[in-house]
Every structure is written in C-alpha cells, then in structure tokens.
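Taking it in order: structure first as structure tokens, then the write-up.
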Amino acid sequence: MNTKITFNTILGVITLSVLLSIPAFAGESTAGTKIGVMTCQTVPHTGFTLLVHSTVDIKCRFESTDRSGVERYIGETGIGLGIDLSSNIKKEMVYTVFAADFKSGDHKLAGKYVGVGASATVGAGVGAQVLVGGNNKSISLQPVIEGNTGIGTSAGFTYLFIQPDK
C-alpha cells in the first residue's frame, strides 16, 4: 500500500472541501432580495502573497437593480487562512448582491465580508467565493464568476474589505 500523499492530492482535498462548503455557508447567510451586481478588479502590482495568507488591493463598482446609480468602492481582498500559491496578473470577481433590508445609496455596501473561496489558474482560470458581511452582517455576496489570468491555485477562508471611493 502506497502511503505517499502528494501535494496535488492535499490541494485537491482542500479545494474540494471549500467548494463543497459553499452551499452550506450560503444557506447560513441572511436571506434577502437581489439588490444589484458588484464587479471588483484587482489593482496591478499591489498583491502580497504568503503560503497561508495573501492580500491585494481592489476597485469595485456596484450597480443596483433599481438603477438608482453606480457606487464605487476601493479596498482589499485575499485569503485570510488557507493556501495561496498564485502569481495572478489580473483577477475580476462579479457578485450578485443580496440583502434583507436595503436602500441603495450612501455606499451601504462598505464594510468587511468573510467567507470561503477557491480558484485555479494556468494562463486563464476560474474561481468562486461566497461572502457575508457589510452593514450588520446582513449583506450576502454570491459569486457569478471569477476570472483570473496568471498561474497558481488558492483555497481557504477569504475576506473582502471595501470602503467608498469618493
């Protein structure tokens, strides 16, 4: 019996665990109504990656479903605890935004969001994150798509911190 565990096996188990936990985590979030879509892009050359933690600056754009306008945010995102073996040139995340009680305007999405996520990239790649937080932890960010360019893989507990870009 071969008891040798390869790095790819460990990484596969971590990635699968994170992806399987996404529906369970999403079910714990506050139920609500879709209030809009937020698109975030990483800022080039701002990333800092360690094996178990990474961070990169982002710029986000929120557009509400009631077409009341566009709000812009800046902040950072990353892996708070997990594994990150990435050298991404560019990352774009698109989230559907849900909230229980929400009136758009005044940058009400500002705050800290936490959740789980995973991605894999070789040239071009994909990933997913499910995040809950914001105003009284009543806002849920559900992934629509995450597109990456670069090389690497990451999985773990993720975070997103955004503030108004005025």
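Side notes on the structure shown:
- Amide H contacts of Gly134 (H built 1.01 Å from N, under 5 Å, at least 5 apart or other chain): Lys112, Tyr113
- Reachable aspartates and glutamates from Lys137, criterion Cα separation under 13 angstrom, eight or more residues apart if same chain: Glu28, Asp101
- Local net charge near Phe48, Cβ-Cβ under 15 Å (Lys/Arg +1, Asp/Glu -1): -2
- Label-zone membership for the stretch 128-156, site His107, 7 angstrom Cα→C-beta point, backbone N under 15 Å: 134-135
- Calculated P(r) tail over 15 Å for the stretch 69-164, as whole % of Cα pairs: 61
Here, each number is a calculation from the coordinates, and none is a lab measurement. Here the structure is a predicted model, which is why all the values come from computation and not from measurement. Positions of Cβ are backbone-derived with ideal geometry, glycine not excepted, and every protein chain shown enters the neighbour counts.
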